[in-house]
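A short write-up of the structure that comes next.
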Amino acid sequence: MASTPTPVIAVVGAGFSGVMTALHLLRHGAAVRVILLERNAPVGLGAAYATHNPSHRLNVRAGNMSAWPDRPEDFVAWMRGLGLDVGPGDFATRGDYGRYLQSLISTIVEGPEGAGRLVIAPDAVVGLEPGGDGWRLTTAMGRPILADVVVLALGNPPPCRPSGVDEALAASPTYVADPWRWDPASLPPGPVLLLGTGLTMVDLAMSLEDTAPGRSIIALSRRGLIPREHEGEPPTRPPSPPASDIPPLDAAAWLRRTAAEHGWRTAIDALRPAAQDLWRGWSVVHKQAFLRHARPFWDVHRHRLSPEVAARVAALRRSGRLKVAAGKIVRLAEAEDGRVEGAWRPRGETASQPFSVSAVINATGPTGDVTRTDDPLVLDLIRRGLARPDPLRLGLDVDANNRLLDVSGVAARTLFAVGPVTRGAWWEINAVPDIRGQAAQVAQAALNSTRRG
């Protein structure tokens with residue numbers, strides 16, 4: 001009797017989402033082969049952890065950064081095993097966390113769980129179509145890959161070009177389009193304008209200050225809000241989260257009451273366990289209202305800075321080297337001398353103010369509209385009708401089991417998504433504590449889908 005071929009599962013993307021999905025597949029699926037595809041080197045870091053700057057720190061305490069849902073002390077134990085004095089309440093560097101993820105890959109690949117069963121392919125996937133009983137992936141290098149199951153772990157998309165940045169400026173070396181892949185030393189001397197005031201802006205400000213101390217930095221966003229600071233240890237017994245079926249206004253009222261009694265940090269942290277269920281229970285109209293009115297405030301309170309980073313940001317602002325402003329760009333253009341000349345209008349005012357900087361960096365964060373992506377794979381999936389944007393266009397539409405929905409709303413049995421590309425369905429799916437559980441669930445669902453008969 002002929003043996004049954006070993007099922008092949010292709011994981012597209014090797015940031016945290018993809019790496020952990022692949023490792024769960026190897027850990028629990030003894031009879032599958034995994035192909036991990038990643039267009040950017042090095043594999044296993046993604047945009048978040050491919051940094052060597054010690055100023056770039058995690059914004060989650062080390063005690064909650066284990067990659068394994070069933071091994072909560074794993075990251076802290078790994079750090080201490082290297083002789084690094086990082087406890088559960090500390091904030092490790094993102095570079096150290098990237099090395100931790102790569103150590104997990106090495107441990108699995110070199111051990112009995114992954115020996116001969118993991119193939120790492122440094123290539124981009126640009127197309128996907130049904131083929132036989134599975135899928136045919138087309139890569140940028142032109143080689144076809146056949147897989148029984150595909151998991152899309154595409155990570156955070158790069159930011160869209162902000163309003164006011166025209167084609168000429170976008171093509172200029174004075175404009176940095178991708179804030180996660182650039183060289184701070186390549187910028188000319190002089191003040192820099194950062195478009196955006198969130199976590200991406202903070203990373204950029206740290207990099208600019210480390211490279212050229214004393215450089216003037218201007219950060220501009222519509223509301224001028226910046227991330228708040230972590231403070232003290234979280235309570236050992238946080239208040240219970242609200243019921244998961246309450247509408248947005250009731251959730252906001254619960255948040256205000258709990259913040260008044262326990263402090264806003266504790267209130268936000270207590271809401272987190274219910275956040276995904278709340279989001280899924282809201283109507284599209286409710287979700288749109290949240291995104292339009294409450295999202296900026298949620299983001300700066302929910303995604304906080306480590307005390308070390310917050311102290312540096314505060315010092316930069318006190319010295320005047322970092323100025324944070326609320327307003328809107330009116331005009332931007334590259335001048336003949338290579339500088340960028342423009343004007344901005346402060347929030348609530350009608351008159352604009354001129355400015356001149358040596359460079360502009362897009363710090364607006366991941367794009368919030370999947371239809372504006374330039375990812376050839378996502379565009380190909382939508383064009384073929386194999387996937388559709390979610391109703392809010394935050395990512396691709398998935399069902400409760402993270403299976404992609406096609407243009408008719410039918411779930412593909414063997415096509416899954418994990419991580420930020422599913423944020424339209426789950427909203428809170430950017431941080432390690434959220435993604436690690438989803439990666440384990442997707443891996444199990446993918447393994448189940450390979451079992452025929």
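Answer yes or no: is there a residue in the stretch 403-413 that is open to solvent by less than 10 Å² (accessible area, probe 1.4 Å) and within 18 Å of the chain's Cα centre (by Cα).
no
If we keep just the residues of the stretch 242-256 that are over 25 Å from the mean Cα position of the chain (by Cα) and in a loop (DSSP other than H, G, I, E, B), which is surrounded by the most Cβ atoms within 10 Å (Cβ to Cβ)?
It comes out as 242.
Scan the stretch 391-398 and tell me whether some residue there is in the same structural domain as residue 29 (by the TED database), among the aliphatic types (A, V, I, L, M), open to solvent by 20 Å² or more (accessible area, probe 1.4 Å) and touching a residue at least 12 places away in the same chain (Cβ under 8 Å).
Pass one, the stretch 391-398, residues in the same structural domain as residue 29 (by the TED database): 391-398.
Checking which are among the aliphatic types (A, V, I, L, M) leaves us with 392, 394, 396, 398.
Among the residues that remain, those that are also open to solvent by 20 Å² or more (accessible area, probe 1.4 Å) are: 392.
Adding the requirement that they be touching a residue at least 12 places away in the same chain (Cβ under 8 Å) leaves 392.
Checked against the condition, which is being in the same structural domain as residue 29 (by the TED database), among the aliphatic types (A, V, I, L, M), open to solvent by 20 Å² or more (accessible area, probe 1.4 Å) and touching a residue at least 12 places away in the same chain (Cβ under 8 Å), the stretch 391-398 yields at least one hit.
Taking the options 75, 16, name whichever one is aromatic (Phe, Trp, Tyr), within 22 Å of residue 273 (Cα to Cα), at pLDDT 95 or above and under 20 Å from the mean Cα position of the chain (by Cα).
Going through 75, 16 in turn, just one is aromatic (Phe, Trp, Tyr), within 22 Å of residue 273 (Cα to Cα), at pLDDT 95 or above and under 20 Å from the mean Cα position of the chain (by Cα): 75.
Does at least one position in the stretch 133-148 carry a residue that is within 20 Å of the chain's Cα centre (by Cα) and either closer than 30 Å to residue 199 by Cα or among the polar types (S, T, N, Q) (or both)?
no
Are any residues in the stretch 47-97 assigned to a loop (DSSP other than H, G, I, E, B) and among the aromatic types (Phe, Trp, Tyr), and if so, which ones?
Start the filter on the stretch 47-97 by keeping residues that are assigned to a loop (DSSP other than H, G, I, E, B), which leaves 50-56, 58-61, 65-73, 82-92.
Result: 68, 91.
Is it true that some residue in the stretch 336-350 is open to solvent by less than 20 Å² (accessible area, probe 1.4 Å) and part of a helix (DSSP H, G or I)?
Checking the stretch 336-350: not a single residue is open to solvent by less than 20 Å² (accessible area, probe 1.4 Å) and part of a helix (DSSP H, G or I).
Those residues that are in a helix (DSSP H, G or I) and under 14 Å from residue 243 (Cβ atoms), I need them from the stretch 280-293; list them, please.
280, 281
Being surrounded by fewer than 19 Cβ atoms within 10 Å (Cβ to Cβ) and within 22 Å of residue 146 (Cβ to Cβ) is the filter here, so list the residues in the stretch 414-449 that pass it.
445, 448
For the stretch 313-353, what are the residues that are farther than 12 Å from residue 193 by Cβ and among the charged types (D, E, K, R)?
Result: 317, 318, 321, 328, 331, 334, 336, 337, 345, 347, 349.
Identify, from the list 267, 259, 275, the residue that is outside the structural domain of residue 397 (by the TED database), surrounded by 15 or more Cβ atoms within 10 Å (Cβ to Cβ) and in contact with a Phe, Trp or Tyr (Cβ under 7 Å, 6 or more places away or on another chain).
Just one listed residue meets the conditions, 275.
Can residue 373 be described as crowded, with 16+ Cβ neighbours inside 10 Å, out of contact with any helix residue (DSSP H, G or I) (no Cβ under 8 Å at 6 or more places or on another chain) and β-branched (Val, Ile, Thr)?
Judged against the criteria, residue 373 is not a match.
Working only within the stretch 335-353, note down all residues that are in contact (Cβ under 8 Å) with a residue 24 or more places away in the chain and out of contact with any Asp or Glu (no Cβ under 8 Å at 6 or more places or on another chain).
Those that are in contact (Cβ under 8 Å) with a residue 24 or more places away in the chain and out of contact with any Asp or Glu (no Cβ under 8 Å at 6 or more places or on another chain): 338, 339, 342, 344, 347.
The values are calculated or read from the model by the stated rules, or taken from the named source; none is laboratory data. Keep in mind that what you see is a predicted model, and the values were worked out from it rather than measured. Cβ sites come from the backbone with ideal geometry, for glycine too, and all protein chains shown count toward neighbours. Heads up: the accessible areas ignore ligands, DNA and RNA and are worked out on the full protein's heavy atoms, side chains in. Shrake-Rupley method; radii C 1.70, N 1.55, O 1.52, S 1.80 Å.
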